[in-house]
Amino acid sequence: MKINALVATDAAQPLSSSQIALRPLQQQDVKIEILYCGVCHSDLHMARNEWAVSRYPLVPGHEIVGRIVETGTAVDKFAAGDIVGVGVMVDSCRECHFCKQQEEQYCEAGFTATYNGIDKYTGESTWGGYAQNVVVDQDFVVSVPQHLPLSGVAPMLCAGVTVWSPLRHYNVQAGTRVGVVGLGGLGHMAVKLASALGAEVTLFTTSPEKGEDARRLGARHVVVSRDAEQMASAQTTLDLIIDCVAAPHDLDPYLATLKTNGRLVLVGIPDRPHLSPNITPMVFRRLSISGSSIGSIKETQEMLDFCGKHNITADVEMIAGEDIEQAFARMLKGDVKYRFVIDMQRTRW
């Protein structure tokens, strides 16, 4: 079945409208009419082959919200008309230790990415959400609370669950003191979700002008990380830090703000390594640095259910598909609050 999509043909060319062929519907599959797709910074990395793993042609997009229009004969979790979401994964091995304990994002064989992955049925690349439709196995589809603005739900399928997973894994609750580094697509969701869980949130930012917005989103405190006096005042105050910055930076100033037994969790992936941290304070205060990768399907559904109860969505700016290159350019300048979302109904194919 042929559909319209925004396609990257090589690293040097802008995305352009073209037709692609979806795989035939399998027994466990649902076909989704895509309504909205968030624009993740990784989409830009992949379109430009900045991680040297892109295979062209490539259709980005892994923050998908849409309506089911067709189901395979064995589908029992969803029906035509359901509003659903698809995130970063569309399959995994299903057999390894992690898959069996519902942590598919750590699949030992490697999960199948929503785009630029290898489709096990066709052996060809998977296609992402910058398109009219997508075909996905029902086990990698989640239900979306329909009372929420669907455009604001889309970024939660990646940005939202990426910060939700460590917040839940480390049992953030009322009274936990949480730091968030960076107020971008991930950071603004971390502030919202940690605050809604009852945590006392401190935002670290290099931009003083972001303070007012951070407090609107739920931060109790704002610390300008370039201000030595403000950083000193935050020392040994936090239980957990979610570091959302995807650029190399010095981790030591943030480690200094952790209490004994505190943990710094990295969710941003820089293009070059961070500086090696000072081990001495880590030893003497039993500090930890860890990482966290997206989230499981189970965690994604839990996050959406939680957001449905608390009326939480991402702050978004809507674009049409033909505006994607301008959106990429603005993303590089940090000129978005806080996620671009493609409206497929406005897109001229």
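The values are calculated or read from the model by the stated rules, or taken from the named source; none is laboratory data. Predicted model only: the values in this text are computed from it and were never measured. Note: ideal-geometry Cβ built from the backbone for every residue, glycine included; neighbour counts use all protein chains shown. Protein only, heavy atoms only, side chains kept; ligands, DNA and RNA dropped before computing areas. Shrake-Rupley method; radii C 1.70, N 1.55, O 1.52, S 1.80 Å.
For the reader, a short list of remarks on this structure follows.
- Annotation: peptides 314-320, 171-177, 184-190, ranked by per-residue average of other Cβ atoms within 10 Å with the highest first, follow the order 184-190, 314-320, 171-177.
- The stretch between A247 and E325 holds 25.9 nm of extra length on full extension. This uses 0.36 nm per residue minus the Cα-Cα distance.
- Computed over region 229-349, the convex hull of the alpha-carbon atoms projects to a mean area of 10.8 nm².
- Normalised by residue number, the volume inside the convex hull of the Cα atoms of the chain is 133 Å³ per residue.
- Å² per residue, accessible surface of the chain at 1.4 Å: 43 Å²
- Distant-in-sequence amide contacts of T112, defined by a placed amide H-H separation under 5 Å and a gap of 5 or more residues or a different chain, comprise V90, D91, S92.
- The calculated FRET efficiency for S16 paired with S143, based on their beta-carbon distance and R0 = 41 Å, is about 0.75.
- Residues of region 31-70 with an amide N closer than 13 Å to a point placed 7 Å from the Cα of L25 along the Cα-to-Cβ direction: 31-33, 68-70.
- By the compact-protein rule of thumb, 2.2 N^0.38 Å, the alpha-carbon radius of gyration of region 159-291 corresponds to a ratio of 0.94.
- Proximal lysines to K2, defined as alpha-carbon separation beneath 18 angstrom and excluding residues fewer than eight positions away on the same chain: K31
- When the charge dipole of the chain is built from unit charges on Cβ atoms (+1 for Lys and Arg, -1 for Asp and Glu) and taken about the Cα centre, the candidate among M318, V134, F78 whose Cα reaches farthest toward its positive end is M318.
- Pairs from K192/K298; K259/K298; K100/K309; K210/K298 whose Cα-Cα separation, in the structure shown, is over 22 Å: K259/K298; K100/K309; K210/K298
- Between K298 and H310, the simple spin-label model (points 7 angstrom out along Cα→Cβ) gives 2.1 nm.
- Taking 0.36 nm per residue of separation and subtracting the current Cα-Cα distance, fully stretching the chain between A80 and T260 would add 59.6 nm.
- Percent accessible area from carbon and sulfur atoms, region 140-206, protein chains only, probe 1.4 Å: 45 percent
- Restricting attention to the chain, close to 55% of DSSP beta bridges with both partner residues there are antiparallel.
- Its DSSP H runs of at least 4 residues, each contributing -39,500 (n - 2.57), put the calculated 222 nm mean residue ellipticity of the chain at -6500 deg cm²/dmol, to the nearest 500.
- About the Cα centre, charge dipole magnitude for region 241-349 (Lys/Arg +1, Asp/Glu -1 at Cβ), debye: 400 debye
- Protein heavy-atom surface of region 1-72, 1.4 angstrom probe: 47% of the accessible area is carbon and sulfur, with nucleic acids and ligands not counted.
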